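Following: one structure in structure tokens, then a few remarks.
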């Protein structure tokens, strides 16, 4: 029963855009360097990308609807789009955003709300 639950919660529908990573060190550096970028969070960001999507920016969790490298749920995706100054992205699933846009969303969310959306999990990133 527990194994089935773990398998179900980790099930992703992947859009092959990038090979998966075996460790946070293999996650590429942020494609975003705009006003919200803070190099202090880069190692945490890499860990979160590894934990949430194994480096795939085009994934969707078919059970929760979370999407993209950071597994953004729709309300958080809409919040990020607004804060990024790109409200037109709000209704586009995060897994369809570019790598730069998803990295921008991460840094905008961290700037306004901190890291609370990525607490917990089986891999501790902060």
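Hey, among 17, 8, 31, which residue is in a loop (DSSP other than H, G, I, E, B), modelled with pLDDT under 80 and farther than 19 Å from residue 119 by Cβ?
17
I need a count of the residues in region 84-123 that are out of contact with any strand residue (DSSP E or B) (no Cβ under 7 Å at 6 or more places or on another chain), surrounded by 13 or more Cβ atoms within 10 Å (Cβ to Cβ) and in a helix (DSSP H, G or I).
Going through region 84-123 one residue at a time, the tally reaches 18.
Hey, can you tell me all the residues within region 72-83 that are crowded, with 21+ Cβ neighbours inside 10 Å and farther than 18 Å from residue 35 by Cα?
Matches in region 72-83: 72, 77.
So which residues in region 46-79 are in contact with a helix residue (DSSP H, G or I) (Cβ under 6 Å, 6 or more places away or on another chain) and touching a residue at least 60 places away in the same chain (Cβ under 8 Å), if there are any at all?
47, 48, 50
Can you run down the residue pairs with Cβ atoms below 8 Å, 6 or more apart or on separate chains, where the first is in region 112-123 and farther than 16 Å from residue 53 by Cβ and the partner is surrounded by fewer than 13 Cβ atoms within 10 Å (Cβ to Cβ)?
115/126
Name the residue, out of 45, 40, 51, that is out of contact with any strand residue (DSSP E or B) (no Cβ under 8 Å at 6 or more places or on another chain), surrounded by fewer than 16 Cβ atoms within 10 Å (Cβ to Cβ) and assigned to a helix (DSSP H, G or I).
40
The values are calculated or read from the model by the stated rules, or taken from the named source; none is laboratory data. Just so it is clear, the structure is predicted and the values come from calculations on it, not from any experiment. FYI the Cβ positions are ideal-geometry reconstructions off the backbone, even for glycines, and counts take in every protein chain you see.
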